[in-house]
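Reading through the C-alpha cells given below for one structure.
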Amino acid sequence: MTVLCYGDSITEGNMLPPADREAVWPTRVDRMSNGKINTLNEGKGGRPSASMGEFQAVLKKYAERQIDVLLLALGMNDSRDVSGQCVPKAVENLRHMIVLARGNRPALRVLLVGPSNIRKDALGPSKDIADQREQNLRDLNTAYEKLAQETGSSFISLFGVVPPAALATDGVHPDAAGNDPIAQTILSALLGMPASP
C-alpha cells in the first residue's frame, strides 16, 4: 500500500533533532508495517490547510505513481486562527483537496487525520491563545470526522494520542518518543481501511 502523506512539520519531522529524524511517524509506519506500507512523506513545516498550490504540485509530482491512499494531516497551523473561521476554512480546504485528488483517481482512498493535542504550559508565541487554540483543535477533529463521512473517506483523531511529556520542547511538536503513538494510531487506521471500490 503506497500512502501519500500530505501534512505539516509534524509529518515532515523537521523539528526533530537531526539524530532523531528517522523517528518521524511516516518512517515508523513503514517500519512497523513489515513491508505492507510505503509512505511518501510530503510534510512541510508551517503548512496550513490553505496550501492548494503546493497540494496541486504534489499531485503533479506523483501523477505517474501508483497511490493507494491519500493521507491529509493538516490543522495544527490553522488552529492559531482564533477569528472563528479556523474550522470552516480548514474543512473547505480539505474538501477541495479530496475533490482534486480524486479528479484523476476516482477510486482513491482518503484518510483524514485530525490534529494532535498540544501542551498549553509549554507553548511559546501562541501561549496567550492556548485555550482557544486547543478548542480549535478539538473542533477540527469533530469537523474532519463529519467531512470524512460526507466524502466517503476514513478518519482518525490524534487528539490525546501524544503524551504531555513528549511535547515538552514547544508544546506542539512531539519528540521522537511522541512519534511512536502517532505511528501506531495511523498504522492501525491504514490497515483497517476498506478496500478500494
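Before we move on, is L94 closer than 24 Å to E22 by Cβ and touching a Phe, Trp or Tyr at 6+ places or on another chain (Cβ under 9 Å)? It would help to see each step written out before you state the result.
Values: closer than 24 Å to E22 by Cβ: no; touching a Phe, Trp or Tyr at 6+ places or on another chain (Cβ under 9 Å): yes.
Criteria not met by L94.
Looking at (1) surrounded by 17 or more Cβ atoms within 10 Å (Cβ to Cβ); (2) at pLDDT 95 or above; (3) out of contact with any strand residue (DSSP E or B) (no Cβ under 9 Å at 6 or more places or on another chain), find the lone condition where L190 falls short.
With (1) surrounded by 17 or more Cβ atoms within 10 Å (Cβ to Cβ); (2) at pLDDT 95 or above; (3) out of contact with any strand residue (DSSP E or B) (no Cβ under 9 Å at 6 or more places or on another chain) applied to L190, the lone miss is (3).
So V69 clears everything in (1) in contact with a Lys or Arg (Cβ under 9 Å, 6 or more places away or on another chain); (2) of a type in the set (A, V, I, L, M, F, W, C); (3) under 28 Å from E134 (Cα atoms) except one condition, right? Which one?
Exception for V69: condition (3).
I'd like to verify a number: residues in segment 157-168 that are assigned to a helix (DSSP H, G or I) and aliphatic (A, V, I, L, M), how many? Can you show your working first?
Of segment 157-168, the ones assigned to a helix (DSSP H, G or I) are 164-167.
Filter again for aliphatic (A, V, I, L, M), leaving 165-167.
Residues that pass the stated criteria total 3.
Restricting the first residue to segment 124-148 and requiring it to be hydrophobic (A, V, I, L, M, F, W, C) and surrounded by fewer than 19 Cβ atoms within 10 Å (Cβ to Cβ), which pairs with a second residue that is modelled with pLDDT of 95 or more and assigned to a helix (DSSP H, G or I) meet a Cβ separation below 6 Å and a spacing of at least six or different chains?
A130/K120
Limited to segment 169-186, what total is found for residues that are aliphatic (A, V, I, L, M), part of a helix (DSSP H, G or I) and crowded, with 24+ Cβ neighbours inside 10 Å?
Residues that pass the stated criteria total 2.
The values are calculated or read from the model by the stated rules, or taken from the named source; none is laboratory data. In this text the structure is predicted, and so the values were computed from the model without any measurement. All Cβ positions, glycine included, derive from the backbone under ideal geometry; neighbour counts span all protein chains shown.
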